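Structure first, then comments.
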Amino acid sequence: MKNRKKWGVYLMGVVLAVHTAGCGSTEPPAGNRSEPPVSDEAEQNGVGNQEDNMSAEDRAQMETADTDGSNILIAYFTAGENSDVDVVSSASVTTVDGEAKGRLRAVADMIQTQTGGTLFSIQTSVDYPGDGGALIDYAAEEQEEYARPELTSHIENLDDYDVIFIGYPTWWYDMPQALYSFFDEYDFSGKTIIPFNVHNGSRFSGTIETIQDLEPDAEVITDGFTVSERDVAGAVGDVADWLGGLGY
Ligand SMILES: Cc1cc2nc3c(=O)[nH]c(=O)nc-3n(C[C@H](O)[C@H](O)[C@H](O)COP(=O)(O)O)c2cc1C
């Protein structure tokens, strides 16, 4: 089986990292994207934004990226919003601008601010242990059993979204089992999936390929964003650079 010892050490870090700052509003701010992407070819031809002269590929790109964010969903799973303790008391928390939140939620907020997309918290009927050690053991058992935790939050209007950012922590070198429930529930055919991740050394750990296997008819962007749990609070610039590279 996997290296439990390493994650025992990790657990000590988790317990020590609990923050006690207050929790803030979940109201998403308005989007700020205004300029559509222009393809290199279009720029070379001097056609700028004249849609009539665009290739089908460019047009498709505009349809997905050139919006006020209304076609973008930012789904994320964080232990802090799936715990039997409140998010502030959870081991799975970081503090950004004085606000305590789950780490994946912190990155999701950064993506939301830049893209104007809609936040969606993946939630389950499981109350994951707030205690780091108990969570480590619980997650290991879930993975060994190929569990599919029951989802209690559901995307109501999937047709409205062309682009789905999906954020998750690395758990035992894989996605949390709740993500498998999530991909079981939805068919993202024809949509663009953009993964983002927080880890403690393993980075994506092969999970982007797993997502492509689970959603074979979606376009899964392999240039996902991944950040160490220690660097989340200061990641806003890196997130912005990454999004800029993708045309957002
Ligand atoms: C159950 C569990 C298993 C984990 N397994 C790994 C792992 O295999 N590799 C890794 O780099 N980090 C691992 N971590 C660290 C998490 O990926 C990291 O703490 C992440 O920030 C958690 O996200 P959250 O705080 O938003 O829930 C694990 C954390 C937990 C709680």
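The values are calculated or read from the model by the stated rules, or taken from the named source; none is laboratory data. Note that the structure is predicted; figures quoted are calculated from it, not measured. Using ideal geometry, Cβ is built from the backbone for each residue, glycine included, and neighbour counts are taken over all protein chains shown. SASA here: full protein model, heavy atoms, side chains in, ligands and nucleic acids out. Shrake-Rupley method; radii C 1.70, N 1.55, O 1.52, S 1.80 Å.
Non-local amide H neighbours of Thr118 (under 5 Å, H modeled in plane, Pro and chain starts lacking H): which ones?
Those lying under 5 Å, H to H, from Thr118 are Ile72, Leu73, Ile74.
Once you put a point 7 Å from the Cα of Asp217 and another 7 Å from the Cα of Val85, both along the Cβ direction, what distance in nm separates them?
Taking the two extended label points, one gets 4.5 nm.
So, by mean Cβ neighbours within 10 angstrom, what's the order for 150-157, 129-136 with the highest one leading?
129-136, 150-157
Calculate, axis by axis, the spread of Cα positions in segment 120-203 along the three principal axes, and write the results as whole Å, longest axis first.
Extents along the principal axes, in whole Å: 40, 28, 21.
Dipole size in debye (nearest 20) for segment 69-246 around its Cα centre, Lys and Arg Cβ +1, Asp and Glu Cβ -1?
560
Give the shape of segment 105-248 as rounded, prolate or oblate, defined through the alpha-carbon gyration tensor: a ≥ b ≥ c are the square roots of its eigenvalues, a/c under 1.5 means rounded, and otherwise the shape is prolate if a/b is larger than b/c and oblate if not.
Because a/c hits 1.5 or more and a/b fails to exceed b/c, segment 105-248 counts as oblate.
Tabulate in residue order the Karplus-calculated ³J(HN,Hα) for segment 171-176, using 6.51 cos²θ - 1.76 cosθ + 1.60 with θ = phi - 60°, rounded to whole Hz; enter x for Gly and Pro.
10, 6, 6, 8, 7, x
Pop out the ³J(HN,Hα) list for segment 242-247 in order, Karplus 6.51 cos²θ - 1.76 cosθ + 1.60 with θ = phi - 60°, rounded to Hz; leave Gly and Pro as x.
4, 4, x, x, 8, x
Leaving out ligands and nucleic acids, note down the accessible area per residue over segment 69-246 with a 1.4 angstrom probe, in whole Å².
Normalised by residue count, the accessible surface of segment 69-246 is 38 Å².
Carbon and sulfur atoms: what percent of the 1.4 Å accessible area of segment 168-248 do they account for?
That fraction is 44 percent.
Got a sec? What order do Glu142, Glu185 fall in by accessible area at 1.4 Å, biggest, i.e. largest, first?
Glu185, Glu142
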